[in-house]
1. Tell me which of these Pro343 doesn't satisfy, since it passes every other one: (1) buried (at least 24 other Cβ atoms within 10 Å of the Cβ); (2) at pLDDT 85 or above; (3) in a helix (DSSP H, G or I).
2. For the stretch 377-384, check the following and say yes or no: at least one residue is open to solvent by 70 Å² or more (accessible area, probe 1.4 Å) and modelled with pLDDT of 85 or more.
3. When you look at Val298, is it more than 26 Å from Lys246 (Cβ to Cβ) and not basic (Lys, Arg), yes or no?
4. Look at the stretch 671-715 and say how many of its residues are surrounded by fewer than 22 Cβ atoms within 10 Å (Cβ to Cβ), within 15 Å of the chain's Cα centre (by Cα) and closer than 20 Å to Lys625 by Cβ.
5. For the stretch 527-540, enumerate the residues that are assigned to a helix (DSSP H, G or I) and either of a type outside the set (A, V, I, L, M, F, W, C) or over 45 Å from the mean Cα position of the chain (by Cα) (or both).
6. Which members of the stretch 150-179 meet the condition of being under 38 Å from the mean Cα position of the chain (by Cα) and among the aliphatic types (A, V, I, L, M)?
7. Hey, can you tell me all the residues within the stretch 135-159 that are in a helix (DSSP H, G or I), touching a Gly at 6+ places or on another chain (Cβ under 8 Å), surrounded by 21 or more Cβ atoms within 10 Å (Cβ to Cβ) and modelled with pLDDT of 80 or more?
8. Among what's in the stretch 63-80 and is outside any helix (DSSP H, G or I) and either among the aromatic types (Phe, Trp, Tyr) or touching a residue at least 40 places away in the same chain (Cβ under 8 Å) (or both), pick the residue that is surrounded by the fewest Cβ atoms within 10 Å (Cβ to Cβ).
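The values are calculated or read from the model by the stated rules, or taken from the named source; none is laboratory data. Because the structure is predicted, anything quoted here is derived from the model rather than measured. Counting neighbours? That spans all protein chains shown, and the Cβs are built from the backbone with ideal geometry, glycine included. Please note that ligands, DNA and RNA were not included when accessible areas were found on the heavy atoms of the full protein model with its side chains. Shrake-Rupley method; radii C 1.70, N 1.55, O 1.52, S 1.80 Å.
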Amino acid sequence: MRQIDRVAEWLNVRPGEIRLVALTFAGAFAMMSFVVVARALREALYLSLFDASTLPYVTGASVGLGLIGAALLSRSLARRQPRSILRVLIIGLSAGLVVLYLVLRDSAAAVVAFYIATAVGTLLVTSGFWLIVTELFVVREAKRLFGLISAGGTFGLLIAGSSVGPLLSVLASREVVLVLVATLLATLAILEAVPEGRLEDDSAGSAPPAVGEGLALVFRTPHVGLIALILMLVAAASAVIDFQFKEAVQEAYGRGPAMATFFGRFYAWTGGLALLVQVLVTTRFMAGAGMAWSVALVPLVLAAGSLGLLAAPGLLLATGLRGADSTLRKSLFRSVMEFLWVPVPTDVRRRTKTFVDTVADNAGEGVGALLVFLWVTLPGLPSRWLSVFVVVLCVVLVFLARRIGSEYFVTLRSRLSVAGKDQDWVLEDAGTGADRLGATLSRIDITRVLGSEGIDLATLSSRPDAAARPSDGDEDAAEDAVDEDEEGSHIAITADVLRSGDVGRIAELLRHEGVRDPDLVPVLVRLLARDRLVEPAAETLVAIGSDAVGKLCAVLADDSADFVIRRRIPQVLARIPDAEADRALVEALCASRFEVRYRAAVALGRRRAQGLPEWSGPVEEAIWKAVRSELGRGRAVWELARLLDDKPRSDPFVEKRLGVRGELSLEHTFRMLSLVLDEQPLRAAYRGILSEDEEARSFALEYLDQVLPSDVRDRLWPFVGDLSESQERRAIRPLDAVVGDLMRSGATLFGDESDRAALRRYLERAETGTDTPDAPEPDTPEPDEGREP
């Protein structure tokens, strides 16, 4: 394995993502390098000419121009691709900086213009960059990779921040402007190398919004509105903290070039800490704590720091608080807020993201500047009391963090319900489907092994199971066996007809004359074994109702009973309005035979749809136990389960089947989950798992990640394929163990003695090391027909 592959595996970057992640990482590095150098330079230039109390004026001007720029940019994004808009923006900003370089000496007007241009420009460029990135990844990829991509930005903060002091020691402030231009152009060059978006553009044909439409759309979309409000309040709190920090720095260092060096080192250290947070904490924290806690962490830290600064103001605490703010905002908070945009529809995202990023940030800074102006600039009150406002803002932010966690889930469900509906969502190639459902090499190995024994795996699923199901030609023999078992019956003429073996007479009796005697239930239950009488027998048992439930439940729970009968009992219990029938079906979800479990889940779904009485016992607990049991079965058995009596029936849960391994077990698992979770999203998630549309599949996996208990999710993931290469390798079982599971599965997969004998010969040769096809077979007990381990 190459070194780059080892690093990618450690970072959980899949092979097809390496180039894309590397380019976006480099783009974030170049972009944030520009941001930190521009910020350090403009703050040093401004504070060297003006007092810190005048910052609200220049901040207000930046807010006003930022609003205009955001409105124009949002309107442009509705007409053209974000990449082309960002290209024009970077070139225009670079040209403006070159002009300022030509006039920037000791001119106060030029310094103010430089401050405003870089403040507004960095917001627009940053927003445009992340808009492009959000359109490159589906939601599961974004959750896994945004922390790493953001780490490129924090790495840029570290390197560029450390370089500000050395740059100013060899270059004049005016020459550093050219460094900013070079960094911007490098960002543009990297973006040009980034591949076009892999996701379908659902904003095609949209009309450009009016200037006020972006704001209206923000208010109409709760998810986007909460993002905007959170960004604004965090920016307001950060602006107040930033003022306290700069005031403390100015008091400590005076007005001179030492401030620029201090700011550069400060941003370097916070960039280094942010880099560690991004690489080691962000992705894990987002996955483990969820969206609400990931958003709430920043206001909780700022509130605690502000209370400390209120009690003991000074440079040390001010620097620590501003450092915590800078570190978390540029790492975890940035990743979370950008990730929250991923489930937003592309059309809405393009119309609102740049507007929200720019307006919310500028408005937040404007609110912070207004607080400073009203408290410090005008009346000259101590700035330490501004911490009270910060604490109040943080309390509101914690409440909003809980709201955004809920709203993210609502948006995810909404996107899941429509994702991929306009496409041919099912997999066309059965082989691809099997690989995606299995995340295993068992398909290749089993095919090779069985092929060496003369068994064609492709024909097994279509061959009738002779051991478990009588063929039509042998049905009379099975009927005679039923008659012989009824010798003890003393029910009169009706019982004689039912025992007669005459299919025509029995069908006539059941369909036209009717049977309502509960004493005949045992006879009627046995008739369920006969294909041509199963429907009238089932109808009769349903008509008898509760009096038939006891016998039906007893046979269903009896592992030694006729399997043909047991797998047909759930369709009868599904229609009887008796809570005891519901109890028996719930308990049957843990039966040893797959088809019994499968039919029981189908029956429970139909009972719920019809509103029939439910068992008053611990239903949810029993269903979760069954789900865990199903996911804990041997992988080969789980993937190769099939139905032996699969007549076409109306099934609202499944639109159509693909015929790939693992599909029935996956369907059964999702059907059970739909009994304890919301059915509609579970159906959409099931469809998404089987979808060719990567976005639909990603939404399905993210929804499951949100709603499933962690242990259930961990057991399901190997079957749905959301694993890294190393996780897949760990999930692959030894070939002998796989074939051993297949042997123990008996007639569920291998329908006759020759198939089982072939597997036994393989295992014997594997044990002894011989390679003789005709080696004598050991006297091994016959595996129980059709039982799964």
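1. (3)
2. There is no residue in the stretch 377-384 that is open to solvent by 70 Å² or more (accessible area, probe 1.4 Å) and modelled with pLDDT of 85 or more.
3. Working: more than 26 Å from Lys246 (Cβ to Cβ): no; not basic (Lys, Arg): yes.
Against the criterion (more than 26 Å from Lys246 (Cβ to Cβ) and not basic (Lys, Arg)), Val298 does not qualify.
4. Of the residues in that region, 7 qualify.
5. Within the stretch 527-540, the subset assigned to a helix (DSSP H, G or I) is 527, 531-540.
Matches in the stretch 527-540: Leu527, Asp531, Arg532, Leu533, Glu535, Pro536, Ala537, Glu539, Thr540.
6. Taking the stretch 150-179 as the starting set, the residues that turn out to be under 38 Å from the mean Cα position of the chain (by Cα) are 150-162.
Answer for the stretch 150-179, where residues must be under 38 Å from the mean Cα position of the chain (by Cα) and among the aliphatic types (A, V, I, L, M): Ala151, Leu157, Leu158, Ile159, Ala160.
7. Of the residues in the stretch 135-159, the ones in a helix (DSSP H, G or I) are 139-159.
Going one step further and asking which of them are touching a Gly at 6+ places or on another chain (Cβ under 8 Å), we end up with 152, 154-159.
Subsequent filtering for residues that are surrounded by 21 or more Cβ atoms within 10 Å (Cβ to Cβ) retains 152, 154-158.
Gly152, Phe155, Gly156, listed by residue number.
8. Restricting to residues being outside any helix (DSSP H, G or I) and either among the aromatic types (Phe, Trp, Tyr) or touching a residue at least 40 places away in the same chain (Cβ under 8 Å) (or both), the top hit is Arg79.
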